[in-house]
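The values are calculated or read from the model by the stated rules, or taken from the named source; none is laboratory data. Being a predicted model, the structure only gives us computed values, none of them experimental. Here the Cβ is made from the backbone with ideal geometry for all residues, glycine too, and neighbour counts use every protein chain on show.
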Amino acid sequence: MAMARITALVLGFTIGSAALAPAMAQDVLDPNAPIGIEAGRFTLFPAVENTLSTGFGGTGPSVTVSPELLIQSNWVRHAAELLFDVDLSVEGALEAVLVDLGVTLDIGELWTVSLGASHQITVDDTRDPALPPGIDAAPGVRTTAADAALDGVVGNYVLRLDAAVVRTVHDDALVGGVPVDQSERDNTVFGATLRVERDVGALLSPFVEAGGGRRLYDVAVGSDGFLQAGNYADLRAGLTYDSAPVLTAEAAIGVHFEMPDDPALANEGALSADFNAVWSPREILVLTLATETAFAPNAGAAMGSSVSRTVAFDADWAVRETVTLTGEASWGRERFADGTIETATALGAGVVWSPSRRTQFALAFQQSWLASPDPLRDGSDTKITLTSRVTP
């Protein structure tokens with residue numbers, strides 16, 4: 001589970017970089033960016049990505065074909081984006097699906113409304129502590145989400161109100177060829193967050209954030225005999241720094257509370273510390289640092305809920321107009337309710353070659369380690385990936 005969170009955090013660098021440094025994306029024209037196909041008031045960006053990966057110590061060789069289609073609006077005022085992405089094994093088996101819709105509506109000059117919806121099918125981490133022991137292969141996980149956000153300016157303050165609902169369903173796991181029901185883990189989470197940031201036109205802006213929500217499970221009482229549902233709450237305060245395109249950053253500290261419905265279970269609280277920064281000392285070099293505190297209630301029937309803290313670093317260096325060197329490093333520590341502590345570490349490097357707007361090739365290497373007192377979970381994995389991407 002810790003490694004899965006680190007992987008998600010590393011993948012979030014691409015999204016985080018765009019969010020933290022929008023000016024950079026606007027000011028620098030990427031000569032390798034796809035042109036797209038004009039279709040009325042929309043632009044289509046079709047692509048096919050082929051991935052050959054091989055692992056040593058945990059995963060074997062695999063070939064994945066990933067057709068995708070990105071549709072972006074060309075509207076003058078509002079904006080919309082729709083993404084279809086499918087991962088297929090070379091045998092034709094479905095490995096992952098992503099459908100993601102985002103719409104942004106301008107209300108006057110000071111307010112915007114953002115609406116989003118997505119459906120994703122992925123494969124669970126084989127070392128997820130919530131899985132039954134001895135599984136034949138990692139089962140699928142289906143996630144459906146919808147969210148809405150309202151952004152605006154009131155005097156010298158910027159307000160953002162977010163609301164979201166996330167539905168997660170777990171497929172049956174196979175143990176010795178026998179299906180094991182995992183419906184106990186199926187849940188729906190409702191949440192909302194209010195953020196208030198001081199807007200004074202300075203590089204540094206303080207903010208406060210309060211949020212909370214409720215988790216509901218399809219199976220009210222878990223296999224441990226306790227009610228599974230509960231509420232949670234977050235309080236955070238921090239600073240944002242914006243000197244894009246050189247440096248953008250956000251740092252925050254806070255506290256997270258878990259309040260289970262079962263009277264036999266005590267409320268729990270933990271401190272959180274989060275930091276994200278994108279630094280580009282030169283146009284050809286982008287460095288990203290991110291830390292995250294995550295909370296997973298009832299991560300496993302034996303080990304219980306957990307608190308994980310991760311830190312990850314990512315670097316992109318465009319040594320040539322068509323060649324970029326990449327590097328990554330991450331470390332995470334997860335503490336479970338029964339006192340078990342696991343640490344996950346990953347190091348990686350790669351090279352991306354974009355000979356034209358329509359073609360891109362990438363070679364990546366990653367070494368990961370999971371240190372656990374459980375010998376069945378403790379171990380390392382080496383992965384080499386070769387990817388080709390073609391845009392018609």
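Quick check: anything in region 187-197 over 30 Å from GLY238 (Cα atoms), touching a residue at least 24 places away in the same chain (Cβ under 8 Å) and polar (S, T, N, Q)? Yes, some residue in region 187-197 is over 30 Å from GLY238 (Cα atoms), touching a residue at least 24 places away in the same chain (Cβ under 8 Å) and polar (S, T, N, Q). Would a scan of region 300-307 turn up a residue that is within 30 Å of THR391 (Cα to Cα) and surrounded by 15 or more Cβ atoms within 10 Å (Cβ to Cβ)? No, region 300-307 contains no residue that is within 30 Å of THR391 (Cα to Cα) and surrounded by 15 or more Cβ atoms within 10 Å (Cβ to Cβ). Scan region 357-374 residue by residue and report those that are over 20 Å from SER330 (Cα atoms) and out of contact with any Pro (no Cβ under 6 Å at 6 or more places or on another chain). Correct list: ARG358, THR359, GLN360, PHE361, ALA362, PRO373, ASP374. With the condition kept exactly as written, say whether any residue in region 164-177 is among the polar types (S, T, N, Q), under 20 Å from GLN228 (Cα atoms) and either in contact with a strand residue (DSSP E or B) (Cβ under 6 Å, 6 or more places away or on another chain) or in a strand (DSSP E or B) (or both). Scanning region 164-177 turns up at least one residue that is among the polar types (S, T, N, Q), under 20 Å from GLN228 (Cα atoms) and either in contact with a strand residue (DSSP E or B) (Cβ under 6 Å, 6 or more places away or on another chain) or in a strand (DSSP E or B) (or both). With respect to the conditions (1) in contact with a strand residue (DSSP E or B) (Cβ under 8 Å, 6 or more places away or on another chain); (2) at pLDDT below 95, ARG357 lacks only one, and its number is (1). Taking the criterion of being farther than 26 Å from THR324 by Cα, out of contact with any Phe, Trp or Tyr (no Cβ under 8 Å at 6 or more places or on another chain) and at pLDDT 90 or above, the residues of region 40-75 that qualify are PHE42, THR43, TRP75. Among the residues making up region 178-210, those that are within 17 Å of THR240 (Cβ to Cβ), in contact with a strand residue (DSSP E or B) (Cβ under 6 Å, 6 or more places away or on another chain) and not in a strand (DSSP E or B) are ASP199, LEU203. Whenever a residue of region 232-258 is without any contact (Cβ under 8 Å) to a residue 60 or more places away in the chain and over 16 Å from GLU209 (Cα atoms), its partners that are of a type in the set (Asp, Glu) and assigned to a strand (DSSP E or B), lying with C-beta atoms within less than 7 angstrom and at least six residues away or across chains, give the pairs GLU258/GLU268.
Determine whether VAL319 is among the aliphatic types (A, V, I, L, M) and surrounded by 14 or more Cβ atoms within 10 Å (Cβ to Cβ). Judged against the criteria, VAL319 is not a match.
Condition first: assigned to a strand (DSSP E or B), hydrophobic (A, V, I, L, M, F, W, C) and under 30 Å from TRP111 (Cβ atoms). Now tell me which residues in region 45-82 satisfy that. PHE45, LEU70, ILE71, ALA79, ALA80, LEU82, listed by residue number.
Table: residues versus (1) surrounded by fewer than 19 Cβ atoms within 10 Å (Cβ to Cβ); (2) of a type outside the set (S, T, N, Q); (3) at positive phi.
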site: ALA273; (1), (2), (3): yes, yes, no
site: ASN298; (1), (2), (3): no, no, yes
site: ALA329; (1), (2), (3): yes, yes, no
site: GLY332; (1), (2), (3): no, yes, no
site: GLU342; (1), (2), (3): no, yes, no
site: TRP353; (1), (2), (3): yes, yes, no
